[in-house]
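Visitor: Submitted below is the structure of interest, expressed as structure tokens.
Bear in mind these aren't lab numbers, they're just calculated from the coordinates by the rules spelled out. It should be emphasised that the depicted structure is a prediction, and the values quoted were computed from it without experimental measurement. With ideal geometry, Cβ positions are generated from the backbone for all residues, glycine too; neighbour counts draw on all protein chains shown.
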Amino acid sequence: MPQGGVLSPLLANIYMRRLLLYFRTSGAAERFQARIVNYADDFVILCRQEGRKALEWTKRVTERLGLKLNESKTCVRDGRRESFNFLGYTFGPMIWPKNGARYLGACPSRKAEKRLRERLKGLLYRGNPTPWPNLCQRLNRLLTGWANYFSYGSCSKGYLRTDRYVEDSVRRFLRKRHKIAGQGYRRFGRDAIYGELGMTSLMNLKKERLACPA
């Protein structure tokens, strides 16, 4: 069954359920002191030890199910020292910028940021005739959805990089649309972009969440 087909999600859930059940009933969870976290057919096995043995066990079981692990995405990582990506997030050791303290955390992956920029670029192409209020609404809907998904963990750096990209891209787009000479900072500065032009700042969204926790 090709990935992305109509039945792919259903089959993925069926086979993952069998894997999860066998993981518990076979005693593998206790043996490796581990648990499986999955979404559809993407999963990670979180182990306190014996990570490589857990991987070998998984390969054997998936082969019995007639499945094969994607070798390019399959690896063993020491989460205390190495990072790994899962569902758009990067998990692993991080550094607190205020005091340099190390901690284990999560943040939007660079790949997720790149995909967002590509989608923004697809809307801010030169010659797009969409009236600005409508285009701004579509951009904000995209940004807000992305920020809501990536609202856990250490998201500030990713938010800042995205805000800067949005500012530069919107400024460049409007400068070309209105045929303005120069860089356009005077007419389309940061305050104008997030003020009268109505763009959403991810950092402002974060501040609002912190001010009004659910």
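Visitor: How would region 29-138 be classified by its alpha-carbon gyration tensor: rounded, prolate or oblate, with rounded meaning a/c under 1.5 and the a/b versus b/c comparison settling the rest?
Guide: Verdict is oblate for region 29-138.
Visitor: Same structure again: For each of 146, 96, 132, 57, count neighbouring Cβ atoms within 10 Å of the residue's Cβ, then give the residues from fewest to most.
Guide: 96, 132, 57, 146
Visitor: In the structure shown, do any of 59/111; 121/157; 121/179 have a Cα-Cα gap over 24 Å, and if so which?
Guide: Pairs exceeding 24 Å: 59/111.
Visitor: Fewest to most neighbouring Cβ within 10 Å: what's the order for 11, 124?
Guide: 11, 124
Visitor: Per residue of region 183-197, what does 6.51 cos²θ - 1.76 cosθ + 1.60 with θ = phi - 60° give for ³J(HN,Hα)? Whole Hz please, x for Gly and Pro, Karplus curve as stated.
Guide: For region 183-197, the Karplus curve yields 8, x, 5, 5, 7, 10, x, 4, 4, 5, 4, 8, x, 5, 7 Hz.
Visitor: Can I ask one more? Considering amide H positions built from the backbone, and no H for Pro or chain starts, which residues 5 or more places from residue 90, or on another chain, come under 5 Å of its amide H?
Guide: Under 5 Å from the amide H of residue 90: 107, 109.
Visitor: Another question about this same structure. Simple spin-label model, 7 Å along Cα-to-Cβ: residue 209 to residue 85 in nm?
Guide: If labels sit at residue 209 and residue 85, their model points lie 2.1 nm apart.
Visitor: Starting with the fewest neighbours, write out 37, 44 ranked by other beta-carbon atoms found within 10 Å of each beta-carbon.
Guide: With the sparsest Cβ surroundings first, the list reads 37, 44.
Visitor: Please tell me which of these pairs span more than 26 angstrom C-alpha to C-alpha: 73/207; 73/114; 98/207?
Guide: In this structure, 73/207 exceed 26 Å between Cα atoms.
Visitor: For the chain, what is the mean residue ellipticity at 222 nm derived from helices alone (per DSSP H run of n ≥ 4: -39500 (n - 2.57); sum divided by total residues; nearest 500 deg cm²/dmol)?
Guide: Mean residue ellipticity at 222 nm (helix-derived): -15500 deg cm²/dmol.
Visitor: Only Cα pairs under 8 Å and at least 6 apart count here; give the relative contact order of the chain as a rounded whole percent.
Guide: 12
Visitor: Helix 202-211 against the longest principal axis of the chain: what's the angle in degrees, Cα atoms only, rounded to the nearest 10?
Guide: Roughly 70 degrees, rounded to the nearest 10.
Visitor: I want to verify a result. In a Gaussian network model of the chain, Cα cutoff 10 Å, which of these has the top mean-square fluctuation: 115, 77, 186?
Guide: Among 115, 77, 186, the largest mean-square fluctuation in the Gaussian network model of the chain belongs to 186.
Visitor: While we're here: For the pair residue 178/residue 17, report the inter-label distance in nm, with labels modelled 7 Å from Cα in the Cβ direction.
Guide: Between residue 178 and residue 17, the label points sit 5.7 nm apart.
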